[in-house]
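The values are calculated or read from the model by the stated rules, or taken from the named source; none is laboratory data. Note that the structure is a prediction, hence the values are computed from the model and not measured. Here the Cβ positions follow ideal geometry from the backbone for every residue, glycine too, while neighbour counts run over all protein chains shown. These area figures cover heavy atoms from the full protein model, side chains too; ligands, DNA and RNA do not enter into them. Shrake-Rupley method; radii C 1.70, N 1.55, O 1.52, S 1.80 Å.
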Amino acid sequence: MKIVIGGDHAGYALKEKLKKFLGEKGIQVTDIGTNGLEPVDYPDYAEKAASLVASGEYTYGILVCGTGNGMAMAANKIPGIRAAVCNDLYSTRYSREHNDANILALGAWIIGCELAKNIIHTWLNTQFLGDRHAHRIKKITDIEKRVKIRD
């Protein structure tokens, strides 16, 4: 399993702790930044991580910003990405079981490090159930293929 991790300035401190946590679990993780507290634009990091996951180079992505929302919104613009904001264990479990999320977005202003670690553990150890949910994921993919925005 290969994971790409990224965050903006609001998520930097938590990202650094989570990167260490993943490494201690023997998970290969690549950090795409940011590398400090200076303000940056979260869409840049979300796009980079989502593109790496969509290409198949990485199995999953983890993105950290203040709330998780901005990162998820930006990442979900990349076809093939199903980014889910998970700041509790319940939504975490269902994001994998029902939605086959491939990017986890976390809110550093909302959760602490220990909850973030528990969320990651749950997310990485929960399998997609398939069956009726696979049909729904296919519908999402069909929307991506079908909808073209005109200039």
(request) Report, ordered by the first and then the second residue, all pairs with beta carbons closer than 6 Å, sequence separation of six or more or different chains, a first member in the stretch 1-29 that is under 18 Å from GLY107 (Cα atoms), and a second member that is among the acidic types (Asp, Glu). (result) ILE5/ASP31; LYS19/ASP31
(message) Quick check on my filter: what residues within the stretch 100-151 are loosely packed, with under 12 Cβ neighbours inside 10 Å and under 18 Å from the mean Cα position of the chain (by Cα)?
(response) GLY112, GLU114, ASN125, GLN127
(request) Residue by residue through the stretch 77-95, note down the ones that are open to solvent by 10 Å² or more (accessible area, probe 1.4 Å) and touching a residue at least 12 places away in the same chain (Cβ under 8 Å). (result) LYS77, ILE78, PRO79, GLY80, ARG82, ALA83, ALA84, VAL85, ASN87, ASP88, LEU89, ARG93
(message) Being of a type in the set (Ser, Thr, Tyr) and touching a strand residue (DSSP E or B) at 6+ places or on another chain (Cβ under 6 Å) narrows it down to one residue among TYR94, TYR42; which is it?
(response) TYR42
(request) Mind listing whichever residues of the stretch 1-59 are open to solvent by 50 Å² or more (accessible area, probe 1.4 Å) and under 18 Å from LYS117 (Cβ atoms)? (result) MET1, TYR12, ALA13, GLU16, LYS17, LYS19, LYS20, GLU24, LYS25, GLY26, GLN28
